[in-house]
Amino acid sequence: MRIGHGYDAHRFTAGRPLRLGGVEVPHTQGLEAHSDGDVVIHALCDALLGAAGLGDIGRHFPDSAAEYAGIDSRKLLRRVMALLRERDLAVVNADLTVVAQQPRLAPHIPDMESRLAQDLQVPVQRVNVKATTSEGMGFVGRGEGIAAHAVVLLEERPAPPTADV
């Protein structure tokens, strides 16, 4: 078994959609980032890469690379999952916490869990997304941005036996 933790935060900016956990959430602002700014998926990618001993999201998808400008973070998550499969690692479960003063996220959590489970290739019961506020404290509490934490558990799976030819 391998455990990984990830964290990400982005500030709000005008003129962009807000994407969290692969879901477009109605809001007056989106998140400033080189990609689509999905802090939930970025934290999840960091947790997965950390558990696998593969560094972090910036090492694999640098913000200096034009190919990642505006990219859908679900594509990045799928690429991370391909790296895990190459190493015979599988997700046991993922637990995520979104820290946002606004907007209200509870109505969007089931859709986030469903999309993340699909990309992680696990039953939806193995993905848990929670939302909390910072009670008005810090950059989140002032409504300047959103943060997310992710914890994952991976297990090593032996490669399937090869047939003798």
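Since every read-out is calculated from the coordinates, none of them should be taken as a lab result. As the structure is a computational prediction, the values presented were derived from the model and not from experiment. Every residue, glycine as well, gets a Cβ built from its backbone with ideal geometry; the counts of neighbours run over all protein chains shown.
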Counting sequence-distant residues (5 or more places) and residues on other chains, those with an amide H built under 5 Å from that of Val129 are Leu96
What is the magnitude of the charge dipole of the range 51-109 about its Cα centre, with +1 placed on the Cβ of each Lys and Arg, -1 on the Cβ of each Asp and Glu, and no other charges, expressed in debye to the nearest 20?
140 debye
Fewest first, what order do Thr132, Thr97 take by the number of other Cβ atoms within 10 Å?
Thr132, Thr97
Using only Cα atoms, tell me the angle between helix 73-86 and the longest principal axis of the chain; keep it within 0 to 90° and round to the nearest 10.
20 degrees
Fewest-first sequence of Leu83, Leu20, Leu48 by Cβ atoms within 10 Å of each Cβ
Leu83, Leu48, Leu20
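Can you give the extra length, in nm with one decimal, that the chain gains between His34 and Arg59 once fully stretched, where that is 0.36 nm per residue apart less the Cα-Cα distance?
Working: separation 25, 0.36 × 25 = 9.00 nm, distance 1.42 nm.
Taking His34 through Arg59 to full extension adds about 7.6 nm, to one decimal.
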Read phi for every residue in the range 127-138 and hand back ³J(HN,Hα) as whole Hz from Karplus 6.51 cos²θ - 1.76 cosθ + 1.60, θ = phi - 60°, with x for Gly and Pro.
10, 10, 10, 10, 10, 9, 9, 10, 6, x, 9, x
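Given the rule -39500 (n - 2.57) for each run of at least 4 DSSP H residues, summed and divided by the residues of the chain, what is its mean residue ellipticity at 222 nm, to the nearest 500 deg cm²/dmol? Write down the numbers at each step before the final one.
Values: 5 runs with 48 residues, N = 165.
Per the formula, -8500 deg cm²/dmol.
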Among (1) 44, 43, 29; (2) 64, 40, 21; (3) 62, 35, 23, only one was calculated for this model; which label is it, if the read-out is Cα extents along the principal axes in Å?
(3)
